[in-house]
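The values are calculated or read from the model by the stated rules, or taken from the named source; none is laboratory data. Here the structure is a predicted model, which means the values were calculated and not measured. So basically every Cβ, Gly included, is an ideal-geometry build from the backbone, and we count neighbours across all protein chains shown. Keep in mind that these areas ignore ligands, DNA and RNA; they rest on the heavy atoms of the full protein, side chains included. Shrake-Rupley method; radii C 1.70, N 1.55, O 1.52, S 1.80 Å.
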Amino acid sequence: MLGELKEDEIQQLLKSNSIGRLGCTDGEHVYITPINYRLEDDSVLCYSLEGHKIDMMRKHPQVCFEVDHINGPDHWRSVIADGVYEEITDMAELNEIRPHYTEYMLRKKVSLTAMPKSENMEEIPVKPLPEQVFYRIRLHKLSGRFETGIF
């Protein structure tokens with residue numbers, strides 16, 4: 001059976017997950033990527049390293065955000081929301097949220113497989129990480145759907 005999620009079910013799905021998908025555009029192409037997030041009132045708080053996605057959202061802040069829980073092809077729940085990208089630049093706010101995202105987690109996002117293999121780790125050149133960007137997606141127009149597998 002297909003159906004629509006109620007508002008409380010939508011909020012529960014958003015609260016119970018920490019990985020969603022972000023859709024953004026450069027005005028010509030659409031880019032969809034998984035992101036880590038933390039729900040905060042009417043928005044999701046996220047971080048990234050400088051790059052393609054951040055460049056796109058700075059130019060085109062209208063985005064789409066999606067979260068789902070899938071138990072199988074006929075048993076799932078999904079939430080989709082229109083949203084607006086908002087970069088966090090206030091130092092007081094950044095100092096408050098930064099501890100939630102440790103340097104370890106940020107470095108873990110950079111693929112270690114791209115580094116040359118070496119017996120002596122001191123020989124591996126360490127490139128500086130791109131700048132960290134903390135941002136929120138202000139969510140509006142949320143909708144949710146589900147399928148239970150029951151006909």
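Kindly indicate which of D42, D55, D26 is in contact with a strand residue (DSSP E or B) (Cβ under 7 Å, 6 or more places away or on another chain), open to solvent by 40 Å² or more (accessible area, probe 1.4 Å) and not β-branched (V, I, T). It would help to see each step written out before you state the result.
Numbers: D55 fails: in contact with a strand residue (DSSP E or B) (Cβ under 7 Å, 6 or more places away or on another chain); D26 fails: in contact with a strand residue (DSSP E or B) (Cβ under 7 Å, 6 or more places away or on another chain).
Going through D42, D55, D26 in turn, the sole match is D42.
Given the criteria touching a Leu at 6+ places or on another chain (Cβ under 8 Å), open to solvent by 40 Å² or more (accessible area, probe 1.4 Å) and either closer than 28 Å to E147 by Cβ or in contact (Cβ under 8 Å) with a residue 12 or more places away in the chain (or both), does H60 qualify?
So H60 does not fit the description; no.
Which count do you get for residues in segment 28-47 that are without any contact (Cβ under 8 Å) to a residue 60 or more places away in the chain and of a type in the set (D, E)?
2
Counting only residues that are among the acidic types (D, E) and open to solvent by 80 Å² or more (accessible area, probe 1.4 Å), which one in segment 72-102 is modelled with the highest pLDDT?
Residues of segment 72-102 that are among the acidic types (D, E), as a first pass: 74, 82, 86-87, 90, 93, 96.
Those still in the list that are open to solvent by 80 Å² or more (accessible area, probe 1.4 Å) too: 90, 96.
On the way: D90: 92, E96: 84.
Across segment 72-102, the extreme among qualifying residues is D90.
Please state which of the following conditions E50 fails to meet, knowing it meets all the rest: (1) closer than 30 Å to E147 by Cα; (2) among the acidic types (D, E); (3) touching a residue at least 60 places away in the same chain (Cβ under 8 Å).
(1)
Kindly indicate the residue of segment 121-140 that is outside any strand (DSSP E or B) and under 28 Å from Y85 (Cα atoms) and also modelled with the highest pLDDT among those meeting that condition.
Start the filter on segment 121-140 by keeping residues that are outside any strand (DSSP E or B), which leaves 121-131.
So of that shortlist, the ones also under 28 Å from Y85 (Cα atoms) come out as 128-131.
Details: P128: 55, L129: 57, P130: 65, E131: 81.
Step by step, filter segment 121-140, then rank; the result is E131.
Can you name every residue in segment 12-23 that is at pLDDT 95 or above and either open to solvent by 70 Å² or more (accessible area, probe 1.4 Å) or closer than 16 Å to S143 by Cβ (or both)? Outline the logic, then answer.
Here is the first cut: in segment 12-23, the residues at pLDDT 95 or above are 12-14, 20-23.
Q12, L13, L14, G20, R21, G23, listed by residue number.
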